[in-house]
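Step one of this worksheet: look at the structure below.
The values are calculated or read from the model by the stated rules, or taken from the named source; none is laboratory data. Just so it is clear, the model here is predicted, and its values are computed rather than measured. Cβ atoms come from the backbone with ideal geometry, glycine included; neighbour counts cover every protein chain shown. In case anyone asks, the SASA skips ligands and DNA or RNA and just uses the protein heavy atoms, side chains included. Shrake-Rupley method; radii C 1.70, N 1.55, O 1.52, S 1.80 Å.
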Amino acid sequence: MSTQTLIYLFVGLSFALYIGIAIWSRAGSTSDFYVAGGGVNPVVNGMATAADWMSAASFISMAGIIAFSGYDGSVYLMGWTGGYVLLALLLAPYLRKFGQFTVPDFIGTRYYSRTARVVAVICLIFISFTYIAGQMRGVGIVFSRFLDVPIDTGVIAGMAIVFVYAVLGGMKGVTYTQVAQYCVLIFAYMVPAFFISFLVTGNPVPQLGLGSTVADGSGQYVLERLDATLVDLGFGPYTAGTKSTLDVFCITLALMVGTAGLPHVIVRFFTVPKASDARRSAGWALLFIALLYTTAPAVGAFARLNFVETINETEYTDAPEWFTNWEDNDLIAWVEKDGDGLMQYRAGEAFDGPPVFGEGQGASGERNVTNRWNDDTDNELYVDRDIMVLANPEIANLPGWVIALVAAGGLAAALSTAAGLLLVISSAVSHDLLKKTWRPDISEKGELLAARLAASAAVLVAGYLGIYPPGWVAEVVAFAFGLAAASLFPAIVMGIFSKRMNREGAIAGMVIGLIFTFTYIAYFKFVDPGTNDVAHWWFGISPEGIGVIGMVLNFLVAVAISSVTKGPPLDVRALVDAIRIPRGAGAASEH
Amino acid sequence: MDETEQHRERVEAEPERSGEDNAAAYWRANLRLVGILLAIWFAVSFGAGILLRDWLDRVHIGGYPLGFWFAQQGSIYVFLILIAVYVRQMRRIERRFDVDD
């Protein structure tokens, strides 16, 4: 069977599976829709959380980012896993014991304030839409590369699938669909990783392969070889990194705290039967995530090494097929600078910006690039970082079914995260804004209908953002984490661990944290992007890491204000006492 | 029966304290455990993986410089162990203070 037929088959089968699950697990009540009835097994929930959390960015982009940034890529590895320790120890069991439906629910109730609830809803919606636009774009890209359809068609197909299981099934449908998606995506990630690790090092386990010797009899370790090769070409050593220690520290912390503050992750811990299950579930989630996250740095390093060794100083006419395939997709470009027909890969940007392809072909048959050349470097190649995972099976000459599997896995990763985000948006609108703020007398049936309508509207907005991606999408990913770190996380933690924390302190803290973080990022990303470099950052902290300072400000302001204002009322103190004790988390419906 | 087990028996055999004290003691035990685990969390990631990286990189395990290993692999394994220990120890603490769910 041809690779293309296999791709259609694998993607078609996985979609049929998701839709089948969605029909089987339809939501019948608001509790089903928001928290899957609260009866999800902790292992199952861990798997669903892993799929929910690992997006197109984790599956497609992360290994590529690590491949090109070496040690600096560690911020993502530690940041996106370390957050689960914070979740398990500081948030999950208490929020489960609290036992309501959404994150703004907790903040609104704990701080006895409609304002606090609305501030939380605003943070949540902003964070979630930022994220979801990227997911839908990811769906479009995977579709267009593997199914050979325009990106827009891909986005619409993705919207249709998500619509079926998020709108119909709510959290209940999404949970069980995500379990299937986790299985697809992890299998799809591990199979090529095993192959590549085996080809490069002779050890099929990527986590061990990265620390092994290259299997060419030289006795050189993979990382040593990579360091030496890159230094020869004018790059820094792979294991050294270029960011300042303080910046690496801040970005890692911002990503950790941001992960623990992301509403679509937190809400998953509302779905298990007991408070103790929420702790266990966070552990399972991290285990399932760690499988991919400990593999990614190996995939990144092997891919970089393979790339340099097969492409550098190779004649364009001898380039492997995958090279020209990705060139046709605008993600690889070569400009001939010295007329020798060989492709030189060196440090520096070959030309200004991403490639703009013109008419016709160059002397060796390459696509003409119209960008202005950069004369400071001999580098002749442009490589988009996102191709690393997708191109890996082709780079290593793996069989067609592996390529088909990776296509299905990439779609599973993007769709599962999109569905999780759609749900938190729709429940924030129908539950927090409609039921708890504007229309408290709405019936359960009416609320469920509103939740479905909100989810449908969110799908449409997400699809629109995927088809017409506004320039800011890529720019504001730091916003999602920074804002979650600077606003939601401190408010929730203080709500649990400080009985003295009151409405005035929490709202002031959230607002200050938000405004500070927002202003700093917006200044460097939009107002004056030309100054977005180490020399202009405060203490050398990049916009990606500034959420940490926002978080510290939030804590300080909240403590200061709450110490000079009236303490929280007695029933709120009793609520805090109650959520600290696991016993009596409330009955859960059986599944 | 060794000494620690005898001690535990005694603690478990103690008559139930008043609800208020019991909840406060449970919370203190919880905070202590969380404090210790977060200290380790900080030490392996921010300590070994970032602040002390250059120093640790002089040691190699196989092909891994040690600091680089902590940053890209080791800290993730430790995070997993931390949550596992927390789940186990909290179960014990809850039973000891009779607040388990």
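Residue by residue, here is whether (1) within 21 Å of A:Leu246 (Cα to Cα); (2) out of contact with any Asp or Glu (no Cβ under 6 Å at 6 or more places or on another chain) holds:
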residue	(1), (2)
A:Tyr523	yes, yes
A:Asp528	no, yes
A:Asn532	yes, yes
A:Ala535	yes, yes
A:Ser542	yes, no
A:Ile546	yes, yes
A:Val552	yes, yes
A:Val559	no, yes
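Of the candidates A:Ala578, A:Ala558, A:Ala574, A:Ala508, the single residue that is surrounded by 21 or more Cβ atoms within 10 Å (Cβ to Cβ), more than 27 Å from the chain's Cα centre (by Cα) and assigned to a helix (DSSP H, G or I) is A:Ala558. The numbered conditions (1) farther than 18 Å from B:Gln73 by Cα; (2) under 22 Å from the mean Cα position of the chain (by Cα); (3) of a type outside the set (Ser, Thr, Tyr); (4) surrounded by fewer than 23 Cβ atoms within 10 Å (Cβ to Cβ) are all true for A:Glu313 except (2). None of A:Ala301, A:Ala290, A:Ala296, A:Ala319 is of a type in the set (A, V, I, L, M, F, W, C), more than 30 Å from A:Gly38 (Cα to Cα) and surrounded by fewer than 24 Cβ atoms within 10 Å (Cβ to Cβ) except A:Ala319.
Just name the residue that is farthest from the other protein chains (Cβ to nearest Cβ) out of those in the stretch B:47-67 that are crowded, with 21+ Cβ neighbours inside 10 Å and over 17 Å from A:Ile251 (Cα atoms). By that ranking, first place goes to B:Gly67. The residues listed here are A:Val75, A:Val103, A:Val85; of these, the one that is among the β-branched types (Val, Ile, Thr), touching a Pro at 6+ places or on another chain (Cβ under 6 Å) and crowded, with 24+ Cβ neighbours inside 10 Å is A:Val103. When the stretch A:26-57 is limited to residues that are part of a loop (DSSP other than H, G, I, E, B) and under 22 Å from A:Ile132 (Cβ atoms), the one that is modelled with the highest pLDDT turns out to be A:Met54. Considering A:Thr175, A:Thr115, which residue is of a type outside the set (Lys, Arg), assigned by TED's automatic domain parsing to the domain that holds A:Ala486 and open to solvent by less than 10 Å² (accessible area, probe 1.4 Å)? A:Thr175 is the lone residue from the list that is of a type outside the set (Lys, Arg), assigned by TED's automatic domain parsing to the domain that holds A:Ala486 and open to solvent by less than 10 Å² (accessible area, probe 1.4 Å).
Which one is nearest to the other protein chains (Cβ to nearest Cβ) among residues in the stretch A:193-215 that are assigned to a helix (DSSP H, G or I) and open to solvent by 10 Å² or more (accessible area, probe 1.4 Å)? Once the filter is applied, the top-ranked residue is A:Gln207. Only one of B:Val44, B:Val34 is in contact (Cβ under 8 Å) with a residue 24 or more places away in the chain, at negative phi and within 8 Å of chain A (Cβ to nearest Cβ). Can you tell me which? The unique qualifying residue is B:Val34. A single entry from A:Leu95, A:Leu87, A:Leu124 fulfils the requirement of being of a type outside the set (Ser, Thr, Tyr), over 18 Å from A:Arg580 (Cα atoms) and in the same structural domain as A:Val406 (by TED's automatic domain parsing): A:Leu124. The residues of the stretch A:241-266 that are open to solvent by 30 Å² or more (accessible area, probe 1.4 Å), more than 9 Å from chain B (Cβ to nearest Cβ) and hydrophobic (A, V, I, L, M, F, W, C) amount to a single one, A:Leu246. Looking across the stretch A:88-104 at every residue that is assigned to a helix (DSSP H, G or I) and more than 9 Å from every other protein chain (Cβ to nearest Cβ), the one that is nearest to A:Trp284 (Cα to Cα) is identified as A:Ala92. For the stretch A:291-333, a residue qualifies if it is part of a loop (DSSP other than H, G, I, E, B), among the aliphatic types (A, V, I, L, M) and within 25 Å of A:Phe194 (Cα to Cα), and exactly one does: A:Ala319.
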